[in-house]
Amino acid sequence: MSRPEPAYTVRVAEDPADREACFAVRKQVFVAEQGVPEEIEYDAHDAGAVHVLAVRADGLPLGTGRLLHGEAAAAKTGGDPAVGSLGRLAVTREARGLGVGAALVRAVEDAARAHGLAAVDLHAQTHALGFYERLGYAAYGPEFPDAGIAHRAMRRPL
């Protein structure tokens, strides 16, 4: 028996409309739901990052994530140029539980491989550790606050 096709697609954000959709999801999840100040949600790294976007068949954005690589990632990953940084992973409330988050993580990993990276690092909100562990990430280092939310560093070799 074949599995049904997912009710969404995940792609690299290629144009300004895709990037705006990514930013809208981040605003909905991080700023509106979690109370992250808008002025720290968007940063200078957004311009050079690879953004991925999950959209419903009708075009409604469901989730996003980004990959930092090169110097931007090295600043977050301890200076290792072979390690990318996954961040800003956000899934809208109505899309949670549909596999969107895992699909976005895999899309970021695919982009990391395409950039020749050997591993992906991330800073996970502590409530999401189990989600990332199921995808093969291992936590390391102490818990730390980011935007007033507890996080742990995690890494997965590719």
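Summary of the geometry: the range 20-69 and the range 114-158, compared by the centres of their Cα atoms, lie 18 Å apart. Across all Cα atoms of the range 29-77, the radius of gyration (one decimal) and Dmax (whole number) stand at 13.0, 38 Å. For D110, the shell of other residues with beta-carbons less than 14 Å away shows a net charge of +4, using +1 for Lys and Arg and -1 for Asp and Glu. The 3J(HN,Hα) values that the Karplus relation (6.51, -1.76, 1.60; θ = phi - 60°) gives for the range 59-73 are, in residue order, x, 5, x, 10, x, 8, x, 9, 10, 9, 9, x, 4, 4, 6 Hz. Gly and Pro appear as x.
Put simply, the amide H of T92, placed in the peptide plane, has neighbours under 5 Å in G63, leaving out anything fewer than 5 places away on its chain.
In plain terms, the bigger the Kirkwood radius, the slower the diffusion; for the range 1-137, with that radius from Cα pairs, at 10 °C and 1.306 mPa s, Stokes-Einstein puts D at 104 µm²/s. For L86, neighbours were defined as the other residues whose beta-carbon sits under 11 Å from its Cβ, and their charges (Lys and Arg +1, Asp and Glu -1) total +4.
Only the coordinates and a few stated rules stand behind these numbers; no lab work does. Note that the structure is predicted; figures quoted are calculated from it, not measured. Note that we place each Cβ from the backbone using ideal geometry, even for glycine, and neighbour counts take in every protein chain shown.
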